[in-house]
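The values are calculated or read from the model by the stated rules, or taken from the named source; none is laboratory data. Everything numeric in this text was worked out from a predicted model, so none of it was measured. Here Cβ is always computed from backbone atoms with ideal geometry, including for glycine, and neighbour counts include all displayed protein chains. The accessibility values were calculated without ligands, DNA or RNA, using every heavy atom of the protein model including side chains. Shrake-Rupley method; radii C 1.70, N 1.55, O 1.52, S 1.80 Å.
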Amino acid sequence: MEYIIIGLLGVIIILVLVLVLRKNNNSDLVMRLGQFEADINKEIGDFKYSFSRELLSDFEKLSNNIERKLSLINDTVNERLDKNFEKSNKTFMNVLERLSKIDEAQKKIDSLSSEIVSLQSVLTDKKTRGTFGEVNLEYILNNAFGKAKNGIYETQHKFKNGAIVDALLYAPAPLGTIGIDAKFPLENYRKMTDKNRSREEREYAEKLFVQDVKKHINDISEKYILPGETSNEAIMFLPAEAIFAEINAYHAELLNYAYSKNVWITGPTTLISTLSIISMILKNMERDKYAQIIHDELDKLNIEFIRFKDRWDKLSKSVKSVNQNIDDLHITSEKIMKRFDEIHSADIDKLIKKDVNEETLYIN
């Protein structure tokens, strides 16, 4: 750009000089200036041509560089778009998968809700609630001790007084024989925990709930704690953890009352823990019993081994004595055989001499 401006300025100066000289009528100078103008125009033309070529070359290089950069940018953008699309697609698929799982879980929840409603309608009947508690109790006993029972527990045991307990546990001392009975005070518990009822209704239902639990405690204490048949304590099993938690959290007077009647209140979790401990104690007792039997048998075996050792020592001495006698017999037989050989050889002089020597030795 600077060259172009300089060239234009030169042209303008030349034109001004030509005009001035024309006014002065100097033809020779005009000719020279004309020639100079032609040379300048030629140089300017060459400069413009060269400048145009260089400018075009630079523009082509710039264009190629820009095109290459744009291509790189385009590739980078496409690569990132592909990666982002892949991640987005993966995220979308995960969302769809989770939505399907949520939908499946929702169906199960709906099904469970209907089953819970059905269970609630079933548990409204007292007899059905009693059966539900008995089934839960037997299930826990089976898990703790096995279905074979093996003399550890008995279901629906009938006492001499005619009372039938849900389960009778033959626990080791000092627990002894313990009766376990399932109770399910559900009706008034529902009323006292129903937030849709008024405060007066819930408080009244709570009083009835406490009376129900105390009645169950009294029944268990009177029916299932029998001198000569059971130990002096029994267990009341509540098949609902919520009721057990309610009593432990808000009704300490019921726990104290049960304690005074030697009745232990348990829920599913606490009963499982208690029975697991009893099962472990029984296994340890069984192991100790077999360990004692093995110890007794080892003592008997030790006595027999001592007797065996005495007899072996005696036999060893006898065998040693027999071996000595055998050696003596062997020496005697050798002598006899040697004597027979000498007789057989008929060396009378040698025999007589030997007899004399042996007789002399014998006399000596």
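Could you tell me which numbered condition Pro239 fails, if it satisfies all but one of (1) of a type outside the set (Ser, Thr, Tyr); (2) more than 42 Å from the chain's Cα centre (by Cα); (3) not in a helix (DSSP H, G or I)?
Unmet for Pro239, out of (1) of a type outside the set (Ser, Thr, Tyr); (2) more than 42 Å from the chain's Cα centre (by Cα); (3) not in a helix (DSSP H, G or I): (2).
Given the residues Asp328, Asp310, which is the only one that is modelled with pLDDT under 75 and part of a helix (DSSP H, G or I)?
Of Asp328, Asp310, the one residue that is modelled with pLDDT under 75 and part of a helix (DSSP H, G or I) is Asp328.
Listed here are the residues, each with its yes/no results for (1) assigned to a loop (DSSP other than H, G, I, E, B); (2) hydroxyl-bearing (Ser, Thr, Tyr); (3) at pLDDT 90 or above; (4) open to solvent by less than 70 Å² (accessible area, probe 1.4 Å).
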residue: Arg129; (1), (2), (3), (4): no, no, no, yes
residue: Asn136; (1), (2), (3), (4): no, no, no, yes
residue: Lys160; (1), (2), (3), (4): yes, no, no, no
residue: Gly179; (1), (2), (3), (4): no, no, yes, yes
residue: Tyr189; (1), (2), (3), (4): no, yes, no, yes
residue: Ala205; (1), (2), (3), (4): no, no, yes, yes
residue: Val213; (1), (2), (3), (4): no, no, yes, yes
residue: Asp219; (1), (2), (3), (4): no, no, yes, yes
residue: Lys223; (1), (2), (3), (4): no, no, yes, no
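Please go through the range 163-173 and pick out each residue that is part of a loop (DSSP other than H, G, I, E, B) and either surrounded by 15 or more Cβ atoms within 10 Å (Cβ to Cβ) or in contact with a Lys or Arg (Cβ under 9 Å, 6 or more places away or on another chain) (or both).
In the first step, residues of the range 163-173 are kept if they are part of a loop (DSSP other than H, G, I, E, B); the result is 163, 171-173.
Listed by number, the residues that qualify are Ala163, Ala171.
Sort through Leu271, Leu254, Leu298, Leu238 and tell me the only one that's at pLDDT 85 or above, over 24 Å from Ala144 (Cβ atoms) and of a type in the set (A, V, I, L, M).
Values: Leu271 fails: over 24 Å from Ala144 (Cβ atoms); Leu298 fails: at pLDDT 85 or above; Leu238 fails: over 24 Å from Ala144 (Cβ atoms).
The conditions single out Leu254.
Restricting the search to the range 145-158, which residues are part of a loop (DSSP other than H, G, I, E, B) and either surrounded by fewer than 16 Cβ atoms within 10 Å (Cβ to Cβ) or free of Cβ contacts under 8 Å to residues at least 60 places away in the same chain (or both)? Steps first, answer last, please.
We begin by selecting, within the range 145-158, every residue part of a loop (DSSP other than H, G, I, E, B); these are 146-152.
Listed by number, the residues that qualify are Gly146, Lys147, Ala148, Lys149, Asn150, Gly151.
Checking the conditions here, which among Asn248, Asn196, Asn142 is open to solvent by 20 Å² or more (accessible area, probe 1.4 Å), outside any helix (DSSP H, G or I) and not aromatic (Phe, Trp, Tyr)? I'd like the intermediate steps shown before the answer.
Numbers: Asn248 fails: outside any helix (DSSP H, G or I); Asn142 fails: outside any helix (DSSP H, G or I).
After applying the criteria, what remains is Asn196.
Is one or more of the residues making up the range 88-100 open to solvent by less than 70 Å² (accessible area, probe 1.4 Å), within 30 Å of Gln156 (Cβ to Cβ) and either modelled with pLDDT of 70 or more or not β-branched (Val, Ile, Thr) (or both)?
No, every residue in the range 88-100 fails to be open to solvent by less than 70 Å² (accessible area, probe 1.4 Å), within 30 Å of Gln156 (Cβ to Cβ) and either modelled with pLDDT of 70 or more or not β-branched (Val, Ile, Thr) (or both).
Look through Ser260, Ser221, Ser273 and report the one residue that is farther than 23 Å from Gly130 by Cα and of a type in the set (Ser, Thr, Tyr).
Unique residue meeting the criteria: Ser260.
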